[in-house]
Amino acid sequence: MRGQGPRSNESGEAARSSNLWRDGLRRLRKNRLAMAGGVVILLLCLVAVFADVLAPLPYTKTNFGRLNEAPSREFPLGTDQVGRDLLSRMIYGARVSMLVGLGAQIIVVLIGVPIGALSGYLGGRADICLTRFIDVMYAFPRLLFVILVMSALGAGLTNIFIAIGLTGWVGIARQTRAQVLAIKEKEFVDGARALGAGFGRLLTRHILPNALTPIVVSVTFGIPEAIFTEAALSFIGVGINPPTPSWGQMVGEGQQYIRSYWHLCVFPSIAIAVTMLSFTFFGDGVRDALDPKLK
Amino acid sequence: MKTPRITDAQVDLLAERLRAVGVGRREFLKVAAGLAAMGPAGFNHRPADAAPKLAPGEKLAKDQSFRYGGGGWWQDDPTSHDFNKDLYCNGVPALFAGLMKFNADHQSVLYVASKVTSNSDGSQWAFTIRKDSKWSDGSPCTARDFEWSWKRQLDPASAAPYAAFLYDIRNAQAFNKKEVTDPSQVGVRAKDDWTLEVTLEGPRGYFPVLAAYLAALPAHRASVEKHADKWTEAANIVCNGPFVLETWQHGQVMVLRKNKHFFGAKDVVLDKVTIPIVPVASGALPYENNELDLTSLQTGDLKRLQSNPKTVEEVFRYPFPGTWYLIPQVTKPPFDNLKVRRAVAHAIDRANIVKVAQGFAIPAHAMIPPGFPGALDDPKIKAIQHFDAKLAMAQLRGTPFEGGKNWPKVTLTMRDEALGSKPLAEAVQSVLLEHLNMKTDLEVLEPRVFRERLWKQDLQFVWIRWFMDYPDPHNEYFDTFYGKKTTGKRQAWVNDAFDRELEAGRDTRDPKKRMAAYAKAEEIMQTDVGYVPVAWTVRYAAAKPNVRGIERNRQGEFVLEANIYVDMLPHLYMIERA
Amino acid sequence: MFQYIVARALWLVPTLLAMALVTFLVMHATPGSPLDPVAEGANPLSPEAQKNLAEIYGLDKPLPEQFAIFLGKAARGDFGTSFVYKTRTVAEILRETFPVSLLLGALALALAVVGGLTLGILAAVYQNRMWDYVSVSLATVGVAVPNFVLAVFLIILFSFVVPLFPTGGWNSPRDWVLPTVTLALAPMGIIARFTRASMLEVIRADFTLTARAKGLGERAVIFKHALKNAFIPVVTLLGPMFAAVGTGSFFVESIFRVPGMGRFFVLSMTGRDYPMIMAVILTYGAFLAVMNLVVDLLYGALDPRIRY
């Protein structure tokens, strides 16, 4: 869960920020659960990157003689409705799901951080306007809105980025704004300003690095959320176009076959669950490590 | 009774009129199904009732409660049960009884009418109504009710979306379009309580078929006047069919009770019918958990139920003739190249593709499934697009795609549909990739978006189906592929020779000549690869062992309630479980 | 305080307006016409019938005018007639379905809060012992498995393996169990995790130590001091939780055949049922906004450090 409201960041001086990261890393290393999560995430990223090497078969390779087979030595996770190797599809699915998570979060950050930072930094009327805008967007029922946007755009990977990105930036904008507000008043910022640092320099060199903590935390939680959203979209048929495999799509389709062919649904579900947990643990760890006062 | 001859001109008139108003193709064909069946001998006078025929050792159950649904029946709440205003209201047809009805062979037979007569050319009809025809409140359901109901549908104030269905009645169209304001000018009139006289715009030998269709069902005047659009809510509805609507919890469940005032009540055995609103995605779960007595099955469940000794006996196949096929759009590259289309046709490994349908499809080598008029078992036809991977690749010689290279982006488009369609499409993708190295994206569109783009012929490569509306090749060819169709045309491919064969098939009465024309048409279309037939559909349902009375058609197949045939419930009964 | 409430309530108006506008624009930009028939396999309406229908629905007018008309009517609580369920007004449908969703949501939330707190406390008190693991595992399943998958697992488990509950329906409290549990597990997991964390912190905090030192029994310490303080972060979770339960409900409702508002959303999207889409989004939006306000006030009441 994301932190709520403005909180002060004690170790907020630019000079000490490298220390902060070093300390954070040290604390993170001690957190076993977070490290386990981090390792799983790293593995997932490797799987996603090297899917072509790792997958025993191409994800499109069908075998009409071997449909819906339960796991066996030949097909460790069984085969799907078209006789494709489920393991291979899961491996490629990792790529798609990570892409969905990262892609959506990149858009979220690209929209949310500038708006939040601007709002916090400028203050005054601009802040009021932007805050109101953010508040309005915050009230939108997220998932319904994603579905609405997906219907308008049509299915597809890029459209999923856009739909999730367009609706998901609000939380991060709020947090960035709160952080910027808190840091803006600090002496070192005043100092930098006195030394003649311009607006852009101040924001990018001094304020944002210090506001990074909640952004990082927010992103680590946003990624599994995006993967979840994609699963939900696939379930109602506005997800990713076949034959590209994504875990969400595999779960959505497999769900209907669950009594006959359990493996179609169970393995991708486990993959999503593990990813979700890894990110959650890792995110918790990062948050605790970077700001021990936050819980 | 002497039945007027139905001329081809009349059939065409009906087809054209309905097409013009968009009710078009499918409904016309449903109607024409009965029309074809009527033949020159007149109407089938099979009685409207059906008494159970118990097998030895069987005993009627004390509790005649029946529950059905799922697998596509009422996956969403009905709009209303007001068929009189909107034939697509998705209501329960068993609540109403029309003058005629369709039997299991899709013939129009007498129902509320006890006799039908016409003048010699079929431009005037008289329906004699059963004296015991009653509404569920006990009041008589007379010719005046039918007159009022049909005029209600035509009244522009009702804004009934498919009013054009009754345009054969004199001045109906003019009245509906506000050109005639006096309802008494409309050619339907109750001569007395028990005789309905209908004057048509011209000779219409098929009119009794129209009278059997959902759109011709009556509405209860007093209820409509009192409750307006809400008259089919359970609290308000007065109906005249074998069942009444006892409760209707929106989005959840409908409960029907036997209508004791129904004229055929003594032969209706079921006392209570429960229809829960069940989404297709639930599959057979509610049936297996004994929440339903009859359900239509989906691909995911068939094999399991069949392999379970407890349920294997409960599963049965029922006719749902339809054809899955591909449209390579001849206006879009690379399919503007005949060689490419031929390559695709030969690359479709049908025998393997249908395996993914898990029993719900069989390989198709032509448009019409086996067992139906016009089905082609001709080796010559089978050879045109037969699967041969080498031959497929060989077709590409001399094209820019020789050796399966240089393919442009190819998008195969289908509509979002319940289970079964997507695996087939993915199998098609897979064989194209394997045998032609043609990589395709599968685009799944929402139904509305799909239809819009399909009819604009805007799609490059289409995965689509046609469900047969009535057993005649006219349906499978003319109404699907005729090049001069003005609306609802699916493919850009047009071929004059093909069209001429279809016209010949339509305009000839000699069955042999007709079939020859359609065979020729199939040959032309396949040779030019206007379409690529892939699979024929098959459906399955499951019924608990104590359900009896499901009707069979002439071919001996079980027939379940669908679009045309809606007479299932009055025939059903439950026996004591062994 | 009062001023704060009024100000927040007033902000609801522009918020809903903006929501309505965005929804309206996106909806009209979506391809596929609402003038096509609803029924599967139905034929296209004739151009005339479409024109009639457009007139009846007011779709023949320019968009700004349509929006103005919508606003004018909506302000009086009139959302028009559903394009899909033509005999019923949107308001009628909402009156029937919203209470069902609300009941389901409330049950799920109650279960989530009670279950989550209990598990969290047990986990904190019996740290690193069996209860801790049980609660962590339960929480894990709840958070990490999409609820439409969870739903099917539960159906298999409790309708077939142990035949306790029906696969769907909404007639008796027995029908409520599976959808409620499905919907509750995810927020329950989150609450349990947070409660555990804040409880651990509080248990080790100075004032609890003081309380113990004063000779209060372990139970009294937990319930009187620790629990109240541990509850505060949980309250902050309630806002997003309402949203999760609210929007999650449409999967759960359609799988378990619950006649609630959630399942109408997807249906009205595919049916291009403009009035229903607007009404459902605005109802959710308004509900969430009100709930967020309530949560903020509750938070203020519980945590004396916060002033408005």
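The values are calculated or read from the model by the stated rules, or taken from the named source; none is laboratory data. Here the structure is a predicted model, which means the values were calculated and not measured. A quick note on method: Cβ atoms are made from the backbone with ideal geometry, for glycine too, and the neighbour counts reach across all protein chains shown. When the accessible area is computed, the model is the full protein with side chains, heavy atoms only, and any ligands, DNA or RNA have been set aside. Shrake-Rupley method; radii C 1.70, N 1.55, O 1.52, S 1.80 Å.
Quote the charge dipole size of chain B about the Cα centre in Debye, to the nearest 20; the model charges only the Cβ of Lys and Arg (+1) and of Asp and Glu (-1). List each step's numbers first, then the result.
Values: 76 positive and 70 negative charges, 110 e Å.
In total the dipole reaches around 520 debye.
Can you tell me the convex hull volume per residue for the range C:12-155, based on C-alpha atoms, in Å³ to the nearest whole number? Please report the intermediate quantities before stating the final value.
On the way: hull volume 27.5 nm³, N = 144.
It comes to 191 Å³ per residue, whole-number rounded.
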* Asked: Just by accessible area at a 1.4 angstrom probe, what is the order of C:M27, C:M291 from largest to smallest?
  -> C:M291, C:M27
* Heavy-atom accessible surface, probe 1.4 Å, ligands and DNA/RNA ignored: which residues of the range A:248-264 lose at least 50 Å² versus the isolated chain? -> A:Q255, A:Q256, A:Y257, A:I258, A:R259, A:S260
* Probe 1.4 Å, all protein chains in place: accessible area of C:Y274 in Å², nearest 10? -> 20
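I need the per residue convex hull volume for chain B, using only the alpha carbons, in cubic angstrom as a whole number. Before the final figure, lay out the partial values.
Values: hull volume 88.6 nm³, N = 578.
Convex hull volume per residue, Cα atoms: 153 Å³.
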* Structure fact -> Probe 1.4 Å, all chains present, heavy atoms only: A:D288 accessible area in Å², nearest 10, is 40
* What's the lysine pair count for chain C at a Cα cut-off below 17 Å, pairs eight or more apart or interchain? -> 4
* Report the accessible area of C:E48, computed with a 1.4 Å probe over the heavy atoms of all protein chains in place, in Å² rounded to the nearest 10. => 100
* Neighbourhood charge, 10 Å Cβ-Cβ cut-off, centred on B:W248 and excluding it, Lys, Arg +1 and Asp, Glu -1 -> -3
* Taking the Cα centre of the protein assembly as shown as the origin and placing charges on Cβ (Lys, Arg +1; Asp, Glu -1), which of A:Y261, C:S33, C:L297 is farthest toward the positive end of the dipole? -> C:L297
* To do: Under 22 Å Cα to Cα from B:K310, which lysines show up? Leave out anything in the same chain fewer than 8 places away.
  => B:K59, B:K544
* Structure fact -> Among B:P140, B:A104, B:S114, the residue whose Cα sits farthest towards the positive end of the charge dipole of the range B:102-155, when +1 is placed on the Cβ of each Lys and Arg and -1 on the Cβ of each Asp and Glu, is B:P140
* To do: Using only Cα atoms, tell me the angle between helix A:142-153 and the longest principal axis of chain A; keep it within 0 to 90° and round to the nearest 10.
  => 70
* Relative contact order of chain C, pairs being alpha-carbon contacts under 8 Å that are 6 or more residues apart, as % -> 24
* Structure fact -> Quick calc: nm separation of the 7 Å Cα→Cβ label points for C:S137 and A:L43 -> 2.0
* Name the most mobile residue of A:V53, A:V217, A:V251, meaning the one with the largest mean-square fluctuation, in a Gaussian network model of chain A with Cα contacts below 10 Å. => A:V53
* Candidates per trypsin sites (Lys or Arg not before Pro) in the range B:142-226, loop by DSSP, up to 14 other Cβ within 10 Å -> B:K177, B:K178
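Among the listed pairs B:K303/B:K390; B:K355/B:K489; B:K151/B:K178; B:K484/B:K513; B:K380/B:K405, which are separated by more than 24 Å between their Cα atoms? Before the final figure, lay out the partial values.
Values: B:K303/B:K390 34 Å; B:K355/B:K489 30 Å; B:K151/B:K178 13 Å; B:K484/B:K513 22 Å; B:K380/B:K405 31 Å.
Beyond 24 Å: B:K303/B:K390; B:K355/B:K489; B:K380/B:K405.
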* Estimate the FRET efficiency between C:E48 and B:K409 by the formula 1/(1 + (r/R0)^6), using the beta-carbon distance for r and 45 Å for R0, to the nearest 0.05. => 0.70
* Relative to the longest principal axis of the C-alpha atoms of chain A, give the angle of the C-alpha long axis of helix A:17-30, reported between 0 and 90° and rounded to the nearest 10°. => 40
* Could you run the Karplus curve 6.51 cos²θ - 1.76 cosθ + 1.60 with θ = phi - 60° over the range B:341-346 and give me ³J(HN,Hα) per residue in whole Hz, x for Gly and Pro? => 4, 5, 4, 4, 4, 7
* Asked: What residues of the range B:104-120 lie in the reach of a label at B:E557, counting those whose backbone N is under 20 Å from a point 7 Å from the Cα along Cα→Cβ?
  -> B:104-108
* **Simple label model, 7 Å out from Cα along Cβ direction - C:N171 to B:V312, nm** => 3.3
* Asked: Hey, what's chain B come to in accessible area per residue, 1.4 Å probe, Å²?
  -> 36
* Structure fact -> Label model pair B:K131, C:H28: point-to-point distance (7 angstrom along the Cα→beta-carbon line) in nm is 6.3
* chain B: relative contact order as a whole-number percent, Cα under 8 Å and 6+ apart -> 19
* For peptide B:282-291, compute the average count of partner chain beta-carbon atoms within 10 Å of each residue's beta-carbon. => 6
* Positive dipole terminus of chain C, leading residue within C:P146, C:V235, C:A18 (C-beta point charges) -> C:V235
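What quantity of accessible surface, computed with a 1.4 Å probe and excluding non-protein components, is buried in total between chains A and C, in Å² to the nearest 100? Walk me through the numbers on the way to the answer.
Numbers: alone 14930 and 16620 Å², together 27920 Å².
Chains A and C together bury approximately 3600 Å².
Work out the length of the dipole vector of the protein assembly as shown about its Cα centre, built from +1 on the beta-carbon of each Lys and Arg and -1 on the beta-carbon of each Asp and Glu, and round it to the nearest 20 debye. Let's see the in-between values first.
Details: 128 positive and 107 negative charges, 487 e Å.
Approximately 2340 debye in magnitude.
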* Structure fact -> If R0 = 60 Å, then A:R201 and C:K61, at their Cβ-Cβ distance, give a FRET efficiency to the nearest 0.05 of 0.70
* Net charge near A:A36: determine it from the other residues with C-beta under 15 Å of the C-beta of A:A36, scoring Lys and Arg +1 and Asp and Glu -1. => +1
* Cα-based helix-to-principal-axis angle, A:208-235 vs chain A, degrees rounded to 10 -> 30
* Asked: So what is the relative contact order of chain A, in percent, for Cα pairs below 8 Å that sit 6 or more residues apart?
  -> 28
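How large is the helix-only mean residue ellipticity at 222 nm for the protein assembly as shown, computed as the sum of -39500 (n - 2.57) over DSSP H runs with n ≥ 4, divided by its residue count, in deg cm²/dmol to the nearest 500? Intermediate results must be reported in sequence, preceding the final value.
Details: 38 runs with 569 residues, N = 1181.
Here the helix-only value at 222 nm equals -16000 deg cm²/dmol.
Counting residues in the range B:322-537 as N, plug N into 2.2 N^0.38 Å and put the Cα Rg over that result. Can you show the working numbers first?
Numbers: Rg = 16.3 Å, N = 216, 2.2 N^0.38 = 17.0 Å.
Compactness ratio reported: 0.96.
Pulled fully out, how much extra length does the chain show between B:L54 and B:K226, if you take 0.36 nm times their separation in residues and subtract their Cα-Cα distance?
Details: separation 172, 0.36 × 172 = 61.92 nm, distance 4.40 nm.
Additional length available on full extension: 57.5 nm.
Hey, what's the per residue convex hull volume over the C-alpha atoms of chain A, in cubic angstrom?
Numbers: hull volume 41.0 nm³, N = 295.
In chain A, the Cα hull volume divided by residue count equals 139 Å³.
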* **Accessible surface ranking that places the most exposed of B:H386, B:H220 first, with a 1.4 angstrom probe** => B:H386, B:H220
* To do: Give, rounded to the nearest 20 debye, the magnitude of the charge dipole that the range B:322-537 has about its Cα centre when Lys and Arg contribute +1 at Cβ and Asp and Glu contribute -1 at Cβ.
  => 300
* Structure fact -> D (µm²/s, integer) via Stokes-Einstein for the protein assembly as shown, Kirkwood Rh across alpha-carbon pairs, 25 °C, 0.890 mPa s: value 75
